[in-house]
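Below is one structure, written out as structure tokens, with a few remarks after it.
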Amino acid sequence: MIAWVLYDIQDDKVRTKVAKLCKQTGLYRVQFSVFLGTIDKNQKDTLELQIENLIDENKDAVYIFPMSKHELQETILLGKAFDKRLITDEVKALFL
């Protein structure tokens with residue numbers, strides 16, 4: 001499955017740890033607080049548990065949106081949808 005991970009985390013250290021977890025899971029950063037990539041259900045579940053143990057549920061927000069490749073290809077991106085300094089060929093390939 002393809003998954004988007006978006007977050008708004010107040011603590012810098014926690015935010016950095018969550019970004020590292022996303023990268024370790026194989027997701028690609030497409031904005032400073034947005035990751036995208038292909039993961040399986042076990043990876044998604046593990047990532048969810050790891051993030052849940054790091055964040056302050058009263059202050060922080062994390063969204064994990066799974067979707068099919070077909071749904072991703074129907075996604076509409078307007079304006080500066082991706083930070084061109086962060087986007088990779090792997091992410092571009094997901095949209096083809």
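The values are calculated or read from the model by the stated rules, or taken from the named source; none is laboratory data. Since we're looking at a predicted model, the values are computed, not measured. Reconstructed Cβ throughout: ideal geometry from the backbone, glycine too, with neighbour counts over all protein chains shown.
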Residue check, Leu72 touching a strand residue (DSSP E or B) at 6+ places or on another chain (Cβ under 9 Å), in a helix (DSSP H, G or I) and surrounded by 12 or more Cβ atoms within 10 Å (Cβ to Cβ): yes
Boolean, Val30 is touching a residue at least 60 places away in the same chain (Cβ under 8 Å) and outside any helix (DSSP H, G or I): yes
Pick from segment 75-96, criterion touching a helix residue (DSSP H, G or I) at 6+ places or on another chain (Cβ under 9 Å) and at pLDDT below 70, ranking: surrounded by the most Cβ atoms within 10 Å (Cβ to Cβ): Phe95
Residue satisfying all of: in segment 1-20; touching a strand residue (DSSP E or B) at 6+ places or on another chain (Cβ under 9 Å) and over 23 Å from Ala93 (Cβ atoms); surrounded by the fewest Cβ atoms within 10 Å (Cβ to Cβ) among these: Asp8
Any hit, segment 38-49, residues being not aliphatic (A, V, I, L, M) and not in a helix (DSSP H, G or I): yes
Residues (in a loop (DSSP other than H, G, I, E, B) and either aliphatic (A, V, I, L, M) or in contact (Cβ under 8 Å) with a residue 12 or more places away in the chain (or both)) located in segment 54-69: Ile55, Asp56, Lys59, Asp60, Ser68
Residue that is modelled with pLDDT of 95 or more, over 23 Å from Asp11 (Cα atoms) and either exposed (fewer than 12 other Cβ atoms within 10 Å of the Cβ) or within 10 Å of the chain's Cα centre (by Cα) (or both), where the choices are Asn42, Asn58, Asn53: Asn42
